[in-house]
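*Asks:* Can you read through this structure? Questions will come right after.
The values are calculated or read from the model by the stated rules, or taken from the named source; none is laboratory data. Remember, predicted model here, so these are calculated numbers, not experimental data. Cβ sites come from the backbone with ideal geometry, for glycine too, and all protein chains shown count toward neighbours. Accessible surface areas use protein heavy atoms only, side chains included; no ligands, DNA or RNA. Shrake-Rupley method; radii C 1.70, N 1.55, O 1.52, S 1.80 Å.
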Amino acid sequence: MKERLQKIKGDTLEKIEKIGDLADFEEIRIKILGKKGELTKVLRGMGQIPAEERPAMGKLANEIRAEIEEKLEGKRKELEEKIKKIQEKKESIDVTANPQTVEIGHRHPLHQTMEELEDLFLSMGFDIIDGPEIETVENNFDLLNSPKDHPSRDRSDTFYIDDKTVLRTHTSPVQIRVMKSQELPIRMVSAGRTFRFDEVDDTHSPMFHQLEGLVVDKNVTMANLIDTLDMFIHALFGKDMKTRYRPHYFPFTEPSIEVDVSCFDCKGRGCDACHYTGWSMELLGGGLVHPKVLENCGIDSSIYSGFAFGLGVDRITMVKHNISDIRLLYENDQRFLEQF
Ligand code: PHE
């Protein structure tokens, strides 16, 4: 009996060492200590050995049982610890991983200007409208009263996709879209990309941005246009900014104007940047909507009148931030963009 007990002990301790998971653990525990387990059987057979040997055998059996139980308990703890570690590894997030890969950017200075302008006009009760960059020749030129032989229609000035389709050369075709589809009165601005076949230099880019404005209602006059433009220029650049309105020509407005503001560098005193005129030129063009354009869109020009304006978002951004080269706006050099 003693040998049997010693053998069970030796075998069992060896098996316990090799236990790899909780299933193994449970199998061995039942096999040894379970109701029909090997050790249990031996203990039950205690009645058959001579009475004088019983106390010593009983003691030994109990010691072995205690030792096996202790070993098993140790193994169980070890296994649970292992499982916990695996679980933690699976669930944990390493907050120090990739510390430098996520950088939060910000809006491009051109979009900042466009949003600022849109917000301003929104506060004056204008709607914000989106127009397509690919336009029909009809909307871009014909219905805007542009003469058939107008130089801007030339293939050397405009990107044609086919005979009837162009990359819009200005945002003015949005005027046509809105007048044709929306109810009167109209008060809208529309900002976006425009395209012209221009040679790239420090003030020209074949892709640039405009913001178009259009108001159509009864009794709209030049005074309304000038007042609206003064208001937005003062809001954008400050009350001190002076404006100058010069007569101009656009096929789709009559009369037409161009607007200058005092030079940003010298505040009107005269300097290199403004060629000693004191004025920053060609920020925007506008005028009263030509009656023919109203009629082209089915609006009775004897009842309704309107004003329209178009401004160069790139120019305004450059003037506002004192940027001397338009190319900087399109090169996406982070060292430049980070400054805004
Ligand atoms: N579309 C004109 C341009 O690109 C600007 C303009 C818009 C002028 C609306 C008058 C009215 O130069």
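*Asks:* State whether one or more residues within the stretch 247-264 are charged (D, E, K, R), exposed (fewer than 15 other Cβ atoms within 10 Å of the Cβ), at pLDDT below 95 and under 30 Å from residue 322 (Cβ atoms).
*Replies:* No, every residue in the stretch 247-264 fails to be charged (D, E, K, R), exposed (fewer than 15 other Cβ atoms within 10 Å of the Cβ), at pLDDT below 95 and under 30 Å from residue 322 (Cβ atoms).
*Asks:* Quickly run through the stretch 277-326 and pick out the residues that are assigned to a strand (DSSP E or B), hydrophobic (A, V, I, L, M, F, W, C) and open to solvent by 50 Å² or more (accessible area, probe 1.4 Å).
*Replies:* Of everything in the stretch 277-326, those that are assigned to a strand (DSSP E or B), hydrophobic (A, V, I, L, M, F, W, C) and open to solvent by 50 Å² or more (accessible area, probe 1.4 Å) turn out to be 279, 281.
*Asks:* Shifting gears a bit: Hey, can you tell me all the residues within the stretch 286-318 that are under 30 Å from residue 270 (Cα atoms) and within 16 Å of the ligand (Cβ to nearest atom)?
*Replies:* Listed by number, the residues that qualify are 286, 287, 309, 310, 311, 312, 313, 314, 315, 316.
*Asks:* Here's another thing I want to ask about it. Go through (1) farther than 27 Å from residue 230 by Cβ; (2) within 15 Å of the ligand (Cβ to nearest atom); (3) among the polar types (S, T, N, Q) and name the single condition residue 190 misses.
*Replies:* (1)
*Asks:* In this structure, is residue 57 open to solvent by less than 80 Å² (accessible area, probe 1.4 Å), over 23 Å from the mean Cα position of the chain (by Cα) and either within 30 Å of residue 235 (Cβ to Cβ) or among the acidic types (Asp, Glu) (or both)?
*Replies:* no
*Asks:* How many residues does the stretch 146-168 hold that are within 30 Å of residue 119 (Cβ to Cβ) and open to solvent by 10 Å² or more (accessible area, probe 1.4 Å)?
*Replies:* Residues that pass the stated criteria total 1.
*Asks:* Determine whether the stretch 28-51 contains at least one residue that is in contact with a His (Cβ under 8 Å, 6 or more places away or on another chain) and either closer than 30 Å to residue 333 by Cα or assigned to a helix (DSSP H, G or I) (or both).
*Replies:* No - not one qualifying residue is present in the stretch 28-51.
*Asks:* Okay, next question. Residue 35 fails exactly one of the following numbered conditions: (1) of a type in the set (D, E, K, R); (2) modelled with pLDDT under 85; (3) surrounded by 10 or more Cβ atoms within 10 Å (Cβ to Cβ). What is the number of that condition?
*Replies:* Just one mismatch for residue 35, condition (3).
*Asks:* Follow-up question, since we're still on this one. For the stretch 160-173, what are the residues that are touching a Leu at 6+ places or on another chain (Cβ under 8 Å) and within 15 Å of the ligand (Cβ to nearest atom)?
*Replies:* Correct list: 171, 172, 173.
*Asks:* Residues in the stretch 100-123 that are open to solvent by 40 Å² or more (accessible area, probe 1.4 Å), under 16 Å from residue 309 (Cβ atoms) and touching a helix residue (DSSP H, G or I) at 6+ places or on another chain (Cβ under 8 Å): how many?
*Replies:* 0
*Asks:* Cβ-Cβ below 8 Å, separation at least six or inter-chain, first residue in the stretch 162-177 and closer than 23 Å to residue 298 by Cβ and among the aliphatic types (A, V, I, L, M), second within 9 Å of the ligand (Cβ to nearest atom) and not in a loop (DSSP other than H, G, I, E, B): which pairs?
*Replies:* Going by the 8 Å Cβ cut-off, the qualifying pairs are 174/212; 174/214; 176/144.
*Asks:* Okay, moving on. For the list (1) buried (at least 19 other Cβ atoms within 10 Å of the Cβ); (2) more than 28 Å from residue 232 (Cα to Cα); (3) within 21 Å of the chain's Cα centre (by Cα), I need the number of the one condition that residue 191 fails.
*Replies:* In the conditions (1) buried (at least 19 other Cβ atoms within 10 Å of the Cβ); (2) more than 28 Å from residue 232 (Cα to Cα); (3) within 21 Å of the chain's Cα centre (by Cα), residue 191 misses (2) alone.
*Asks:* Taking the condition within 16 Å of the ligand (Cβ to nearest atom) and either under 35 Å from the mean Cα position of the chain (by Cα) or of a type in the set (Asp, Glu) (or both), does residue 214 pass?
*Replies:* yes
*Asks:* Which residue, of 253, 228, is within 16 Å of the ligand (Cβ to nearest atom) and touching a Leu at 6+ places or on another chain (Cβ under 9 Å)?
*Replies:* 253
*Asks:* Determine which single condition residue 248 fails, assuming it passes every other condition in (1) in a loop (DSSP other than H, G, I, E, B); (2) within 16 Å of the ligand (Cβ to nearest atom).
*Replies:* Every listed condition holds for residue 248 apart from (1).
*Asks:* Can you tell me which residue is nearest to residue 213 (Cα to Cα) among those in the stretch 256-285 that are within 13 Å of the ligand (Cβ to nearest atom) and of a type outside the set (A, V, I, L, M, F, W, C)?
*Replies:* 285
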